[in-house]
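Following: one structure in structure tokens, then a few remarks.
The values are calculated or read from the model by the stated rules, or taken from the named source; none is laboratory data. Bear in mind that the values here come from a model prediction, so they are computed numbers and not experimental data. So basically every Cβ, Gly included, is an ideal-geometry build from the backbone, and we count neighbours across all protein chains shown. To get the accessible areas, we keep the full protein, side chains included, count just its heavy atoms, and leave off ligands, DNA and RNA. Shrake-Rupley method; radii C 1.70, N 1.55, O 1.52, S 1.80 Å.
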Amino acid sequence: MEKKIYVLPGDGIGPEIVSQAVKVIKAIDIAFDHKFELKNGLIGASSIRDNGEPITQEAIDVAKLADGVLLGAIGEPEFDNDPTIKVRPEQGLLKLRKSLNLYTNIRPVSMYDILKDISPLKNENLKGVDLVVYRELTGGIYFGEKKLSADENSASDLCSYSKEEITRIAKMAFEAAVQRSNKLTLVDKANVLETSRLWRRVVQEMASEFPGVEVDYLYVDNAAMQMVVNPAQFDVVLTENMFGDIISDLSSVLTGSLGMLPSASIGDSCAMFEPCHGSYPQAAGKDVANPMATILSVAMMYDHFKLFKEAKAIRDAVNWALKENIVTEDITSDSPSRCSVVGDLIAHYIEEGGNVSLNKDYMKEAMNTVI
Ligand code: IPM
Ligand code: MG
């Protein structure tokens with residue numbers, strides 16, 4: 001199969017983790033005889049530096065024509081620490097999501113046995129955790145009108161949603177629930193917010209079309225608490241943009257590391273794949289960041305193309321790396337591997353079709369680059 005992928009590494013650790021994901025795409029090309037054409041572009045601080053804006057119209061046009069966009073991470077501390085700055089890296093990401101109409105953001109939280117001990121939760125609370133967050137990505141307070149008064153002493157951000165915006169993502173979330181465990185939880189703040197009451201009404205109406213799906217409703221504050229106390233109760237979590245941003249970071253650490261959480265952002269004609277974590281500027285250029293969330297996002301990309309064997313090959317390779325302790329320092333302090341080594345070995349495993357008995361010489365060679 002031939003596909004065009006637009007690669008936007010972004011800022012901080014973005015370029016390092018994306019390089020590992022690119023190795024994986026090339027390994028899949030070899031193992032499954034595909035031809036994925038990769039083109040690189042700029043977004044975030046790197047685009048501000050080169051082009052004066054966090055994403056150019058040209059980049060957006062290329063992204064629109066691509067079959068998929070692979071994104072690293074956005075953000076740099078010099079922008080975070082100065083709230084008066086008008087041009088910010090994150091604006092590039094938001095503009096891209098909006099321009100590509102990527103209204104459904106899917107963030108699956110899977111448990112890996114090997115990582116149980118580094119989860120902040122007790123092992124017994126992790127039993128049966130397998131959930132996915134469906135986060136609305138192009139509406140709500142992120143995109144509502146923003147105002148700052150002339151004296152700069154008051155500000156507001158408007159949160160608005162239409163029935164149509166809710167319906168299209170809710171449909172995808174219900175369909176996902178049918179494929180999974182038939183349970184959907186709407187997370188909102190319907191005791192306070194008008195927009196949340198609209199979400200409830202639309203989801204309630206829709207529930208009759210999916211009679212097999214058990215639907216429940218949780219206020220976001222309660223949901224945050226439940227996510228820690230009893231995360232196994234969740235299957236598909238449907239929520240609006242801002243709540244989804246917060247709940248998904250929270251749920252990701254259940255697995256032990258935010259460095260494991262992938263995502264897919266889907267619209268009617270475009271799709272983008274990116275890890276949920278940030279640009280981790282402290283680690284930039286050090287080759288220590290965990291590339292697995294980005295690699296697993298690439299697996300979601302193959303799922304999106306209905307190349308399920310390829311997606312499975314990637315997940316198998318990640319599981320193998322976890323079992324063999326080929327992991328970065330967020331996961332182990334016992335001789336962690338470098339980001340580039342994790343990428344090399346996962347790509348190697350895929351290329352060899354999984355026929356890798358940990359060849360000691362190969363490992364030694366690879367690990368030499370670690371020390
Ligand atoms: C995410 C990030 C972004 C968001 C930032 C970088 C704008 O936190 O993808 O979760 O808030 O959506
Ligand atoms: Mg976030």
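Under 5 Å between amide hydrogens, which residues at least 5 positions from Gly68 or on another chain qualify, with H placed 1.01 Å from N in the peptide plane?
Residues meeting the amide H criterion: Lys4, Tyr6.
What are the ³J(HN,Hα) values, in whole Hz, obtained from phi via the Karplus relation 6.51 cos²θ - 1.76 cosθ + 1.60 with θ = phi - 60°, for each residue of the range 219-235 in sequence order, with x given for Gly and Pro?
Rounded to whole hertz, the list is 5, 4, 5, 5, 4, 4, 5, 4, 5, 8, 7, 8, x, 5, 6, 8, 10.
Find the accessible area per residue for the range 47-194; the probe is 1.4 Å, ligands and nucleic acids are left out, and the unit is Å².
Numbers: 7410 Å² over 148 residues.
That works out to 50 Å² per residue.
Taking only DSSP H segments of four or more residues, each worth -39500 (n - 2.57), what value at 222 nm results for the chain once the sum is divided by all its residues, to the nearest 500 deg cm²/dmol? It would help to have the intermediate numbers written out before the result.
On the way: 14 runs with 158 residues, N = 371.
Rounded to the nearest 500, the figure is -13000 deg cm²/dmol.
With charges set only on the Cβ (+1 for Lys and Arg, -1 for Asp and Glu), what does the dipole of the range 34-130 come to about its Cα centre, in debye to the nearest 20?
Details: 13 positive and 15 negative charges, 61 e Å.
For the range 34-130, the charge dipole is close to 300 debye.
Where a Cα-Cα gap under 27 Å defines reach, which lysines qualify for Lys86, not counting those fewer than 8 residues away within the same chain?
Lys64, Lys95, Lys98, Lys146, Lys147
Of all alpha-carbon pairs in the chain, indicate the percentage at a distance above 36 angstrom. List each step's numbers first, then the result.
Values: 14632 of 68635 pairs.
It works out to 21 percent of all Cα pairs.
Which one, Leu126, Leu193, Leu148, has the greatest fluctuation when you compute a Gaussian network model over the chain with C-alpha springs under 10 angstrom?
Leu148
Filter the cross-link list Lys122/Lys312; Lys183/Lys323; Lys3/Lys39; Lys3/Lys312; Lys23/Lys286; Lys26/Lys309 down to pairs whose alpha-carbon distance in this structure exceeds 23 Å. Mind dumping the intermediate values first?
Numbers: Lys122/Lys312 29 Å; Lys183/Lys323 31 Å; Lys3/Lys39 11 Å; Lys3/Lys312 19 Å; Lys23/Lys286 18 Å; Lys26/Lys309 15 Å.
Over 23 Å Cα-Cα: Lys122/Lys312; Lys183/Lys323.
Enter the Cα centre distance for the pair the range 296-328 and the range 1-56, rounded to the nearest angstrom.
Using only Cα atoms, the two centres lie 18 Å from each other.
Please compute the volume of the convex hull spanned by the alpha-carbon atoms of the range 123-180 and report it per residue in Å³.
Values: hull volume 6.9 nm³, N = 58.
Value for the range 123-180: 118 Å³ per residue.
If you take the beta carbon distance between Val228 and Glu2 as r and set R0 to 56 Å, what does 1/(1 + (r/R0)^6) give as a FRET efficiency, to the nearest 0.05? Numbers along the way, then the final one.
On the way: r = 45 Å, r/R0 = 0.80.
Once rounded, the FRET efficiency stands at 0.80.
Kindly identify the range 117-248 as rounded, prolate or oblate by the Cα gyration tensor criterion: order the square roots of the eigenvalues as a ≥ b ≥ c, call it rounded if a/c is under 1.5, otherwise compare a/b with b/c, prolate if a/b is larger, else oblate. Let's see the in-between values first.
On the way: a/c = 2.50, a/b = 1.37, b/c = 1.82.
It is oblate, given that a/c is not under 1.5 and a/b is not larger than b/c.
Please report, as a whole percent, how much of the solvent-accessible surface of the range 241-310 comes from carbon and sulfur atoms (probe radius 1.4 Å).
Roughly 59 percent of what the probe reaches on the range 241-310 is carbon or sulfur.
Per residue, what accessible area does the range 240-298 have, given a 1.4 Å probe and all protein chains present, in Å²? Let's see the in-between values first.
Details: 1550 Å² over 59 residues.
That works out to 26 Å² for each residue.
Within the range 1-54, what whole-number % of the accessible surface is contributed by carbon and sulfur, with the 1.4 Å probe and all protein chains included in the calculation? Please list the in-between numbers first.
Working: 1120 of 2370 Å².
C and S fraction of accessible area: 47 percent.
What residues have an amide H closer than 5 Å to that of Tyr217, excluding those fewer than 5 places away on the same chain, when H is modeled at 1.01 Å from N in the peptide plane?
Under 5 Å from the amide H of Tyr217 lie the amide H atoms of Leu186, each far enough along the sequence or on another chain.
Apply the Karplus curve 6.51 cos²θ - 1.76 cosθ + 1.60, θ = phi - 60°, to the phi angles in the range 177-188 and return the couplings in whole Hz, x for Gly and Pro.
Once θ is set to phi - 60°, the couplings for the range 177-188 become 4, 4, 6, 9, 10, 6, 9, 10, 10, 8, 9, 8 Hz.
Per residue of the range 288-297, in order, report the coupling 6.51 cos²θ - 1.76 cosθ + 1.60 (Karplus, θ = phi - 60°) as ³J(HN,Hα) in whole Hz, putting x for Gly and Pro.
Karplus-based 3J(HN,Hα) across the range 288-297 equals 10, 5, 7, x, 5, 4, 6, 5, 5, 5 Hz.
Within the chain, what is the longest stretch that has no trypsin sites (Lys or Arg not before Pro) placed in a DSSP loop and near at most 13 other beta-carbon atoms within 10 Å? The partial results should precede the final answer.
Details: sites that count: Lys86, Lys122, Lys127, Lys286, Lys306.
Here the longest run is 128-285.
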